[in-house]
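Nothing in this text is a laboratory measurement; each read-out follows from the coordinates by a stated rule. Fair warning: this is a prediction, and the values are worked out from it, not measured in the lab. For neighbour counting, all protein chains shown are included, and Cβ atoms are generated from backbone atoms with ideal geometry for every residue, glycine included.
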Amino acid sequence: MDTNVATNTDKLISSLIEKVSYLPREDIEKIKETAYYIVDKHEGQFRKSGEPYHTHPIEVAKIVAGLKLDTASIISALLHDIVEDTDTPLEEIKEKFGEEIAFIVDGLTKISKHNFNSKEEAEAENFRKMLVAMGKDFRVILVKLADRLHNMRTLDALRPEKQRRIANETLKIYAPIASRIGLWKIKSELEDLAFKYLYPEEYKKIVDFIAHSKEEQEKFLKEIIEDVKEELKKHNIKATIQYRVKHLYSIYEKLFRKNLTLSQVYDIYGIRILVEDVSQCYLTLGLIHQLWRPIEGRIKDYIANPKPNNYQALHTSVITEKGKIVEFQIKTYKMHEIAEKGIAAHFRYKGGKYLTDKDLEIFKWLWVVLESIRNSEDTETLKDLKENLNKELTTEEIYVLTPKGDII
């Protein structure tokens, strides 16, 4: 390895070590050792971009660390391509890192194409294999989503037809999975990156529109934020207030679904308010409605009625004195963490075991979906498998209130 590559590798590993500072010191050392282990194993391999191959698993591990997952998840992320792309057998991973990590790595390792009659048959069986592993250890899909996110971030290096194929799969399968397990931040980035490659003209129009209106909108939102801060201060509510830009693909979906022009989408920008507890959420909502008139039908209480992926917040849209519409999201800090990290925020391990099963009950539906897909006679081909999974993932939920007041 030449001096420049070695220096860049050391810097990359140091950036990973900074990300895992929340872990015990001995675990951080294990991660560091594993990082240099995979650098050695991937020696001489390069990505399509020309970068040393080891940059990919290290970047994937950084994404996983950003979710504050456990040591096994981060080490599995580092090792996720090692069995498939080097001459390292799974037995070596078991001996060196243990059964738990070996299982996750195996769940992410494709079966050799030589065992199948066609490329599609191999892909279908590998996809099915991943679903089976997901059902046994949820960390498999968390690492896979991190893997897909980094691949999408570096998609420029591939030829256009492959970019579109991967982007389409990402939009139909991986973004909906991320959404369903509450990984909102990853879901949004996956969608925006896929949007860029699938609909480049529409993507550019939205990017240009936001860039053109950004200065004026930011000035307006900062004024609104100051008004809210002043009102909350009067009532001794400490809050973090930020403005946010709606992610690009969701703007495109709204334009397409409602046949609107960009100038007709009023919630491209919005304001997020984070407070300490639930009572402050409702008090803040009331104070905002005293400042500005709420729009009928736009008040949503996802605290009392959480979304299926456990998302909780209060949403409201108001009309300001300038006649502009502003959307607010009000939530606690904990609700915000769950909204950003989803099931990862619930994933707390102790000796490889969950502290409670309660958190995972929220996501029990996915095991049911995976079981039905795996056992279905209509999933013979990769196309069938992915179409059926997409159908399950994107089906709208319908809630029914029973005479006893139960929601089913």
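Listing for the model above:
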| read-out | value |
| --- | --- |
| In nm, spacing of pseudo-spin labels at ASP227 and LYS162 (7 Å Cα→C-beta vector) | 5.3 |
| Projected-area mean, region 200-340, by convex hull of Cα positions, square nanometres | 9.0 |
| Cα gyration tensor shape for region 3-161, rounded if a/c is under 1.5, else prolate or oblate | oblate |
| Extension gain, GLU121 back to LYS204 (0.36 nm per residue minus Cα-Cα distance, nm) | 26.2 nm |
| Calculated FRET efficiency for the pair GLN45/ILE325, C-beta based, R₀ 60 Å, to 0.05 | 0.70 |
| Cross-link pairs beyond the 18 Å C-alpha cut-off, checked among LYS32/LYS62; LYS187/LYS246; LYS162/LYS187; LYS254/LYS341; LYS229/LYS331; LYS62/LYS185 | LYS162/LYS187; LYS254/LYS341 |
| Separation of alpha-carbon centers, region 242-257 and region 20-76, rounded to whole Å | 33 |
| For TYR269, distant residues with modelled amide H under 5 Å away | LYS246 |
